[in-house]
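Note sheet for the following structure.
The values are calculated or read from the model by the stated rules, or taken from the named source; none is laboratory data. Because the structure is a prediction, the values reported are computed rather than measured. So basically every Cβ, Gly included, is an ideal-geometry build from the backbone, and we count neighbours across all protein chains shown. Accessible surface is based on the protein model in full, side chains and every heavy atom, while ligands, DNA and RNA are left aside. Shrake-Rupley method; radii C 1.70, N 1.55, O 1.52, S 1.80 Å.
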Amino acid sequence: MKQLINLVAILITTSVAIAQNNPVPSKGLAAIDKTGKFEVREFNRHPVGDNDILIETMYASICHSDIHHVHSDWRSDEPYPYVPGHEIAGKVIQVGKNVTKFKVGDYAGVGCFVNSCGKCDYCKADMEQYCTGGRVLTYASKDIYHNDEITQGGYSNNIVVIDRFAIKIPKNAPMEKVAPLLCAGITSYSPLKFSKVKAGDNVAIAGFGGLGHMGVKYAKSFGANVTVFDITEDKRADALRMGATKYVNVNNPEELKGMDDSFDFILSTIPAKYDMTMYMRMTKFGGDFAIVGMPALINQPTVTAGNFVFTPNRNVYGSQVGGIKETQEMLDYSVKKNIYPDVEIINATPEAVEDAYQKVLDGKVKFRYVIDMKTLK
Ligand SMILES: [Zn+2]
Ligand SMILES: [Zn+2]
């Protein structure tokens, strides 16, 4: 009897598996042009290669970067139509013959990039995000390892990815909350680790959205005293609930008084124009100021040489997501410590995504919209 059940299981698996070398039919929510309009589109993904896995997407979340991309805020040659999404969590439904990292039925995540050269100094140092030999972003990126096809992201029913660029997700993790960790989680976690934030440090998080609220949770878990900066009263209670000791409404000058030279570490996640020099001054002598928020090209903050000279000996640096090894470390840490984003689940319809984009732009998101991909029709 057991043998019979096994045989049936094999037959079922074989029938749903997509034959090796065949393109994988896929469907997703595609951005049509820079107005932010979405449509459901069908397309093909490259075949599941020997080192690839096929993931059935369960959840994909909306990062502010998606909105910048879709609105052509960062480049003028976005390859419309394309499917955005680089915070992806799902179930492995097929594996290539060389794959040992995953088996069918495992949970897997995909973040901001899906391939790199594997040979440059950055790749060798587990910092594939900075690969100089050809990294491939998860969407709207030319995939030099697959005939220059344009990558299609996570607002879709499936994704094919090389196994070493997929993150293992433990079975007990709440999948709807895991997706945002793949970008918002790692992007805030990585600089906190790089700057060796520790118990008792004074940390500031500037910009309290998807990335910022994860920054608060991680910094708090490291034992830091956390101050949050944002431009609204609406988020004060949330910041304090998440463990911040102080909330500063930047639009209220009274609250900013006496804060220069206060912080060992500041993380800026601000996606709009802002006074960067104010945060440089608030960083302590010898402290670190890490920038992860990337405003639109027409809204970049201005910093002069004088600003650096007259706020001396602060370490100001930028940071992009994290390597695969560190992303796995972050995910395991988050699951172990029960650190997850605050999420709002939406349906996989063009209207719901367009509405969510507008709410993010209006500062009304608390704190990450997650698309339930099984509702895609
Ligand atoms: Zn992102
Ligand atoms: Zn490389």
*Inspect the range 181-198 for any residue being touching a Lys or Arg at 6+ places or on another chain (Cβ under 9 Å) and surrounded by fewer than 24 Cβ atoms within 10 Å (Cβ to Cβ) and give the result as yes or no.*
no
*Please work out if S156 is closer than 26 Å to N21 by Cβ and either open to solvent by 40 Å² or more (accessible area, probe 1.4 Å) or within 16 Å of ligand 2 (Cβ to nearest atom) (or both).*
no
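Table: residues versus (1) among the basic types (K, R); (2) closer than 16 Å to D362 by Cα.
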{"residue": "D201", "(1), (2)": "no, no"}
{"residue": "A204", "(1), (2)": "no, no"}
{"residue": "G210", "(1), (2)": "no, yes"}
{"residue": "A219", "(1), (2)": "no, no"}
{"residue": "A224", "(1), (2)": "no, no"}
{"residue": "V228", "(1), (2)": "no, no"}
{"residue": "I231", "(1), (2)": "no, yes"}
{"residue": "A237", "(1), (2)": "no, no"}
{"residue": "R241", "(1), (2)": "yes, no"}
_Any residue that is in contact with a helix residue (DSSP H, G or I) (Cβ under 8 Å, 6 or more places away or on another chain), closer than 22 Å to G293 by Cα and within 16 Å of ligand 1 (Cβ to nearest atom) - is there at least one of those in the range 189-203?_
yes
*Just for the range 106-129: of the residues that are within 16 Å of ligand 1 (Cβ to nearest atom) and among the small types (G, A, S), which one is nearest to the chain's Cα centre (by Cα)?*
G111
*Name, by its number, the condition in (1) assigned to a loop (DSSP other than H, G, I, E, B); (2) assigned by TED's automatic domain parsing to the domain that holds I169; (3) modelled with pLDDT of 95 or more that does not hold for I270.*
(2)
*Scan (1) among the small types (G, A, S); (2) crowded, with 24+ Cβ neighbours inside 10 Å; (3) within 18 Å of the chain's Cα centre (by Cα) for the single condition A140 breaks and write down its number.*
(2)
*Take the residues of the range 170-201 that are of a type in the set (K, R) and at pLDDT 95 or above: which is farthest from V104 (Cα to Cα)?*
K198
*asked:* Restricting to the range 227-249, count the residues that are open to solvent by 40 Å² or more (accessible area, probe 1.4 Å) and part of a loop (DSSP other than H, G, I, E, B).
replied: 4
*Cβ-Cβ under 8 Å pairs, at least 6 apart or on other chains, the range 116-138 side touching a residue at least 40 places away in the same chain (Cβ under 8 Å) and on the phi > 0 side of the Ramachandran plot, far side more than 6 Å from ligand 2 (Cβ to nearest atom) and assigned to a loop (DSSP other than H, G, I, E, B)*: D126/G323
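Residue-wise test of (1) modelled with pLDDT of 95 or more; (2) of a type in the set (F, W, Y); (3) more than 16 Å from ligand 1 (Cβ to nearest atom).
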residue	(1), (2), (3)
D52	yes, no, yes
H64	no, no, no
H69	yes, no, no
D77	no, no, yes
V83	yes, no, no
K91	yes, no, yes
_Wholly enclosed helices (runs of 4 or more DSSP H) of the range 275-368 bearing at least 2 residues open to solvent by 80 Å² or more (accessible area, probe 1.4 Å)_ = 305-310, 324-337, 350-361
*Which ones in the range 250-268 are in contact with a strand residue (DSSP E or B) (Cβ under 7 Å, 6 or more places away or on another chain) and either under 13 Å from A206 (Cβ atoms) or open to solvent by 70 Å² or more (accessible area, probe 1.4 Å) (or both)?*
V250, L256, D261, S262, F263, F265, I266, L267, S268
